[in-house]
Every structure is written in structure tokens, then in C-alpha cells.
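Beneath this line is the structure, given in C-alpha cells, with notes to follow.
The values are calculated or read from the model by the stated rules, or taken from the named source; none is laboratory data. Just so it is clear, the model here is predicted, and its values are computed rather than measured. Quick reminder, even Gly has a Cβ in these numbers, built from the backbone with ideal geometry, and neighbours come from all protein chains shown.
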Amino acid sequence: MAWGTLALIAEVPAPGEDSYQSLSAIIASSAIIESMANITIRNLEETTKRKLKIRAAMNGRSMEQEAREILKSALSQSPKKQANLAERIRDIFSPLGGVELERLPREPIRDPQWLAERE
């Protein structure tokens, strides 16, 4: 099923009609519509659409209202803390306790064997 697009079509008032009142109604309608954001979701999987439809029916809402509620709920939560990989690993394994390793003595770097063969 393809999602449609809603368009507002307004007629220009005919001569003799109260053109000011008709035009102001059109402008007010346009202002309301422009202040609301619209999105179109393409290529929505049929199973996702079906789940949305069921969830909307269970909550007594339209699919559109249910999608708005889902977005509002998901975006009102604070984002998860972004941590680097080392911090994440440390957080996971720190409850298990640490292991103390002895430090190996540092030695000067030896020349590669191929370099020693040239001499």
C-alpha cells in the first residue's frame, strides 16, 4: 500500500462574495498546516504496518496518531550515554574484579636480524 499526500486546495472567492473573509480563512488554514510538520514514510514493511495498525486499534487511535505517539515517546527519552569501547568493556567486567599483572622490565629495542646480517 502506498502512502498518499494530503494537499489543501482553496478556491479564490468570486466577485461579490466576502473576499476578505474567505481569504483570511484560507490564510489561517495555511498557517495552521505550515506550523505542523509532515513526513512520508516510504518502503515500510508490511509486517511493521500491520503491527502499527494493531497497536493503534488496541489504544483506540488512528495509525497516524499512534505513529505520532510512538515518535513523541521515543524522542522524549534522554539519549543513551555515548561511551568509548574501552569504557564499555571496563563497565561490563569491573563487577568481576580485576587482575594484577606484574610489569615486565623494559629492555632496549634490538636491531632486526636482517640488519645485523648486513654488517
Legend entry - Pair list, Cβ < 7 Å and 6+ apart or interchain, from region 66-78 residues that are touching a residue at least 60 places away in the same chain (Cβ under 8 Å) to residues that are among the basic types (K, R) and assigned to a helix (DSSP H, G or I): none
Inset, instruction - Name every residue in region 62-87 that is modelled with pLDDT under 85 and surrounded by 10 or more Cβ atoms within 10 Å (Cβ to Cβ), in order of residue number. - result: A83
